[in-house]
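Quick notes on the structure that follows.
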Amino acid sequence: MPAFSHDFPFDPTYGHTVDDLLAVPAPPAPADFAAFWRARHEAARAIATVPVVGPVEEVRDGFRVHGVTYTSVGGVRIGGWLVLPDDGPVEHGFVVGHGYGGRDEPGPDVPLPLPRSAALLPCVRGMEARGRQTGIPVLADEHVLHGIGSRDTYVIADCVADLWCAASALLELVPGLTGGDQGEGPSSLGYLGESFGGGLGALALPWDDRFAAAQLTVPTFGNHPLRLTFPCVGSGEAVRAHHREHPEVTGVLRYFDAATAATYLRVPTLTAPALFDPSVPPPGQFAVHNAIAGPRELHVLTAGHFAHEGTEREAKTLRDARERFFAAHLG
């Protein structure tokens, strides 16, 4: 296990060895877990997303980057970026989730894992810079608690829907990507998500067969009962504090457990959990990987949410791995 010098008042490995991490299970699903999420997915798929593409904002690494907006559940307009190849046809597509705090620009998600790809990079509701919504807190520690009193009002459910609607908008804007349940032939749509986006992806992917493959990096929301026992410096600490005052929230969290959802996830998935992570406890990350029902590939990171001497090297190795992975699994 890694031994980093740090000043956290807890051990970001949480005392787990690799063998321990590979044995962390998923909590059992509520009896109506699948029905709940399938109903949410059906409602999101019925939305007319009406995507609107803005002018080119930048050109980088062989891709054009446009601003884009689209409609999600509740009539909310979601903003983000549409990425298109600077030249030639589109052969692959991606929906790209983001970490907690949102994104101010496409950042390191461009270039995409494969050439001749298009992508929609949304800022889910409430998040910077293009997902701001009146009444939804921007700060992660407040956002993660918004509507948490009920599974039907919890903001995380609508953030998942924002990803489904992003897929609908991308497939409308780039109809050549249609596949799976939207057209003939294999799907050429993939998902990329890190941290918050990794957890949202695990919740979203099992119910949407338009996606053919996914990468989940340091995913959050895995094994909530265990997470509630671990101190951290991420949004999970806000949930822990809320739970101390409102222990009944565990009934809601059961429906938003990324590891539980992963037991329904059957598309090939590359996971990149970390051994040391002060923001997203590693046992929860590995719980997501361990629970995946379909083909899975494990790429272990030394640390997540923590800069160290090998950060750039590990990032490059992971980029290389995801390129190989998506080349093998996207039609």
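List of remarks:
- Axis angle, to the nearest 10 degrees, between helix 33-45 and the longest C-alpha principal axis of the chain: 30 degrees.
- GNM remark for the chain: springs join alpha carbons under 10 Å apart, and the peak mean-square fluctuation among Gly62, Gly251, Gly88 falls on Gly88.
- Between helix 311-329 and the chain: long-axis angle, C-alpha atoms, 0 to 90°, nearest 10: 50
- Of the residues Pro51, Pro281, Leu139, the one whose Cα sits farthest towards the positive end of the charge dipole of the range 18-326 is Pro51 (charges of +1 on Lys and Arg Cβ, -1 on Asp and Glu Cβ, taken about the Cα centre).
- Estimated inter-spin distance, Val50 and His246, nm [label 7 Å along Cα→Cβ]: 3.3
- Lys, Arg +1 and Asp, Glu -1 on Cβ, resulting dipole of the range 213-305 about Cα centre, debye, nearest 20: 140
- Whole-angstrom gap from the range 8-80 to the range 251-291, using each part's C-alpha centre: 13
- Arg151, Arg132 arranged by Cβ crowding within 10 Å, fewest neighbours leading: Arg132, Arg151
- Among Asp208, Asp19, Asp277, residue whose mean-square fluctuation peaks in a GNM of the chain (springs only between Cα atoms under 10 Å): Asp19
- Helix 282-291 axis, angle to the chain major axis (alpha carbon atoms, nearest 10°): 60
- The chain - charge dipole about Cα centre, Lys and Arg +1 at Cβ, Asp and Glu -1, debye rounded to 20: 500
- Selection from Leu21, Trp164, Ala307 lying farthest towards where the dipole of the chain points positive, charges on Cβ: Trp164
- Charged-residue dipole, Cβ positions (Lys, Arg, Asp, Glu), the range 81-175 about Cα centre, Debye nearest 20: 160
- Calculated log₁₀ intensity ratio I(q)/I(0) where the Debye formula runs over C-alpha points of the chain, q = 0.12, 0.13 Å⁻¹: -0.77, -0.92
- Summary value for the chain: 19 percent relative contact order, contacts being C-alpha pairs under 8 angstrom separated by 6+ residues.
Rule-based calculations on the coordinates, nothing more; no lab input. For clarity, every value in this text was computed on a predicted model and none was experimentally measured. Cβ sites come from the backbone with ideal geometry, for glycine too, and all protein chains shown count toward neighbours.
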